[in-house]
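What follows draws every value from the coordinates through simple rules; no lab data is involved. Values in this document were obtained by computation on a predicted structure and should not be read as measured data. Here the Cβ positions follow ideal geometry from the backbone for every residue, glycine too, while neighbour counts run over all protein chains shown.
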Amino acid sequence: GLRTGIVGLPNVGKSTLFNAMVEGGKAEAANFPFCTIEPNVGVVSVPDARLQTLGTLSKSANVVPTTVEFVDIAGLVKGASKGEGLGNKFLGHIREVDAIVHVVRCFSDENVVHVDGKVDPASDTEVISFELIFSDIAQVERRLERLQKSKNKSGVEAAQAALEESTLLKVQKALENGDPARSADLSADEQDAIKHLCLLTMKPVIFAANVNESDLANEGANNVHVQELKRLAAKEDAGVVVVSAQVEAELNELGREEAVEFLTSLGAKESGLDSLVRAVYNILGVRTYFTSGEKETRAWTITSGMTAPQAAGVIHTDFEKGFIRAETVSYDSFTTHGGFNGAREKGDVRLEGKEYIVQEGDVMLFRFNV
Ligand code: GDP
């Protein structure tokens, strides 16, 4: 599955957010810096309004959203890239994730200790970003040295090594400027050439601006820290989502209607966590397709460019091996014509074969040999 790491300085609200996200999550929120050490993993549903619509049309007994894994990677502090404390271990955890949610404290609260004494998104994000950048600089240097040493290759290998080297030099320049590798404007080929290094600053980032409930209205328009964070994010090629970890924790205690009322009273359009999970899903560049019948309507995550058999394989490897064809209809046609049967009558259900590239929102029914 896809993994997202939650990082941020101690005491910015990571555990609170993580717990609110993961029903029955075990991470303990506490007002002590350096409290959580081991990463906690939680599976989080991706909200998608299309699911309910499909489920209603198919009279499905169950509606099952797709999921993203979140890992609470606490403990990333100044000096991590130099191996201080448990720093290196945390960088290792970050290396394994597909995207990063960087929680930034934008709330004031005298009762909650700030590790550096004051709320300051610019310096907070800099601490974390620099640790990631330093770690990448070291890795790029080591790799460049190795490439230099093995320069007596020829043919394809030499061409590949040359591409990797020129790409790394570009990345090195960005990193030494204090910019993340993802801001180096690499072509698809260049990105491929250095993919094996899993550079930390190549991973997509979303800043989660953690605000008090009074600042949730209009996406944090009244909070100067949020505004500053948005400017920083634009420079860093990162997204921003405004969220209140405390409000999210409270929302979990409420029924659906009460929750909507509470959010409306705060001037928020939806739960910040819903926006955050969706933003993560989008930044991962993945696609969703659906299966929909009486038993269940379900969303499945695939990577862009996957063929119909590969998409079927996400459900079960047998579906991929025995794939014959897939009855396929777009979400729009499915809903316009009142479901599979209606769309079929209109001739909108296509029979797609092994070469078909699955599109965002396709509703699919697989035929396969067992
Ligand atoms: P972590 O160290 O980043 O995991 O931070 P925690 O989630 O443990 O939160 C640290 C403290 O900040 C706890 O006492 C939380 O209750 C508090 N906190 C978290 N989010 C908010 C918020 O949105 N507003 C306020 N006022 N306090 C918060």
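Whole-Hz Karplus values for the range 45-53 come out as 6, 8, x, 8, 4, 5, 4, 5, 4 Hz, taken residue by residue from phi with 6.51 cos²θ - 1.76 cosθ + 1.60 and θ = phi - 60°; glycine and proline positions read x. Potential lengthening of the chain between Leu163 and Glu258 amounts to 28.5 nm, from the contour at 0.36 nm per residue minus the alpha-carbon distance. The Cα atoms of the range 305-368 cover 32, 20, 18 Å along the three principal axes, with the biggest extent listed first. Across the range 3-283, the volume of the C-alpha convex hull divided among the residues equals 150 Å³ per residue. If the chain between Lys118 and Phe368 were fully stretched, how many nm would it gain, using 0.36 nm times the residue separation less the Cα-Cα distance? Taking 0.36 nm per residue and subtracting the Cα distance, the gain is 84.0 nm. Hydrodynamic estimate: the Kirkwood radius of the range 162-243 over Cα pairs, inserted into Stokes-Einstein at 4 °C and 1.567 mPa s, corresponds to D of 91 µm²/s. P(r) tail, the range 331-370: Cα-Cα pairs separated by more than 13 Å, 55% of all pairs. Among beta bridges from DSSP that stay inside the chain, the antiparallel ones total about 50%.
Look at Met21, Met306 and count the other Cβ atoms within 10 Å of each Cβ; fewest to most, that gives Met306, Met21. Taking each DSSP H run with n ≥ 4 as -39500 (n - 2.57) and averaging over every residue of the chain yields -12500 deg cm²/dmol at 222 nm. Let me test this: with uniform point scatterers at the alpha carbons of the range 172-323, what is the Debye-based log₁₀ I(q)/I(0) at q = 0.12, 0.19, 0.20 1/Å? With no solvent term, the Cα-only Debye profile gives -0.77, -1.12, -1.16. Normalised by the number of residues in the range 3-283, the mean separation of alpha-carbon contacts (under 8 Å, six or more apart) gives a relative contact order of 21 percent.
Legend: residue pairs Lys151/Lys354; Lys14/Lys321; Lys59/Lys354; Lys173/Lys269, Cα-Cα distance threshold 32 Å; pairs beyond threshold, Lys151/Lys354; Lys14/Lys321; Lys173/Lys269.
Remark on the range 254-301: hydrodynamic radius 13.1 angstrom, per the Kirkwood mean of 1/r across alpha carbon pairs.
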